[in-house]
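To keep things clear, I will list the structure first and then write my remarks on it.
The values are calculated or read from the model by the stated rules, or taken from the named source; none is laboratory data. Predicted, not measured: the structure shown is a model, and the values here were computed from it. With ideal geometry, Cβ positions are generated from the backbone for all residues, glycine too; neighbour counts draw on all protein chains shown.
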């Protein structure tokens, strides 16, 4: 007789109708989870009373927003992952539940392996966040409440005085800790140079990463934060630790250190190994989004002294996505430099996972701009820039395959960036990709059939032009099957019927982009631009300010 595996988490499934909930509950129990089910009217009380690790919400589309709000309110300040099970897929429904606070969504059919995979990812993210918060609290308790700063150093860096906690951490005796030469504290010349720059700029914002070394030579990573001197006459620079991280090769050596340094903290090794630095350098500041293969974070370069340097980190959920992330990195390198392409800063490894560190661009997505009327000259400028960046990619035999408003960001100065090359593909001998990738309302007929090509991107540009000039999508339905049928079989409503002020020549250009047969579309983005400029030589010009 075999033992029943212990549950690896407590799930609450709130479903309407109940049959859907029971089906999902069976999947959860089969995955080793402890599962409770409830009706929508019982949701708030169940969350408050039983404190589940994750809640699955399955209900008609119009009921999901209220359930998400109720679950969040019942959880209070507690971090509670929410997984919304949509009755059917639609871009609008998915965007709505995510914007209201769901962490992820499912679409039918609810296959057991997919449900369990998404639950596992969300629970792992929660555990990581909880561990990171616990780590920060523990470090604050250990290092943040000493009367002395972590270390005090004269402005020339000749001698440093270590506080008792750092003295024990680095293996010095109390007598030695009162006059350690700055050069002896650092693991490398780069760390020492960074420290002296921080001495010269004590008001620098954020924490700066420095790798110290123990008396025995083993490295210890700390983030230093400059403090205000205790008096105007004090010619010293004082620092406090904000976080401590330990490189993974040192975990074995760290075990002995932890037992000596904190004999009562049995779980402290796990906290220390949970370093907040991505790739040993970048500090996570804010989660920007997540997708099927990974998550996107706003990060700060902790090796930058002075002006804060922000980047975007694309982090896979698992090592299984490493090849996909390396491919995206190769595409970004191939397309650089170009003003409309996000710059790839570097590729780092973090716990065996390939992480892309990319340029951070502030601005508004085209999705956000479309919530209000877009001036004609702004729309024209956006279209021209989009055509230019797509033409640049096509010259390199790269098709984007996921051009949509959410992947287009407009900076404050009006410059456009086309984001997310995770779905992009480099074409070799043949010019057709036998994979269905993209976002439904912007997918060309051949793309839906799994045979995308360069002119599939022309279709997507046509959809965006149609949207900018009419305020509506040429093809849309909440029912995914009906939407696909529309794209494959239905002709779009002529845009001039929705916007009579649209010039007939511009309508013809848009409709040519939306031809069902890709051979009837423009052969390239450059050909599209040439036709635009031939009919409208001043297209994209901003009117003079009166």
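What about residue 214, is it surrounded by 17 or more Cβ atoms within 10 Å (Cβ to Cβ) and at pLDDT 85 or above?
Details: surrounded by 17 or more Cβ atoms within 10 Å (Cβ to Cβ): yes; at pLDDT 85 or above: yes.
Against the criterion (surrounded by 17 or more Cβ atoms within 10 Å (Cβ to Cβ) and at pLDDT 85 or above), residue 214 qualifies.
When residues in the range 356-391 are screened for being over 19 Å from residue 331 (Cα atoms) and assigned to a helix (DSSP H, G or I), 14 of them pass.
Results for (1) more than 14 Å from residue 528 (Cβ to Cβ); (2) part of a helix (DSSP H, G or I); (3) modelled with pLDDT of 50 or more, shown as yes or no for each residue.
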residue	(1), (2), (3)
423	yes, no, yes
430	yes, no, no
436	yes, no, no
447	yes, yes, yes
458	no, yes, yes
461	no, yes, yes
465	no, yes, yes
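Taking the criterion of being out of contact with any strand residue (DSSP E or B) (no Cβ under 9 Å at 6 or more places or on another chain) and surrounded by 18 or more Cβ atoms within 10 Å (Cβ to Cβ), the residues of the range 367-390 that qualify are 374, 379, 380, 383, 387. For first residues located in the range 99-123 and at positive phi and surrounded by fewer than 16 Cβ atoms within 10 Å (Cβ to Cβ), partners that are modelled with pLDDT of 85 or more and assigned to a helix (DSSP H, G or I) and lie 6+ apart or on another chain with Cβ distances below 7 Å form the pairs 101/68; 101/72.
Listed by first and then second residue, the pairs linking a residue in the range 183-198 that is assigned by TED's automatic domain parsing to the domain that holds residue 215 to a residue that is part of a helix (DSSP H, G or I) and surrounded by fewer than 20 Cβ atoms within 10 Å (Cβ to Cβ), with Cβ atoms under 6 Å apart and 6 or more places separating them unless they lie on different chains, are 186/192.
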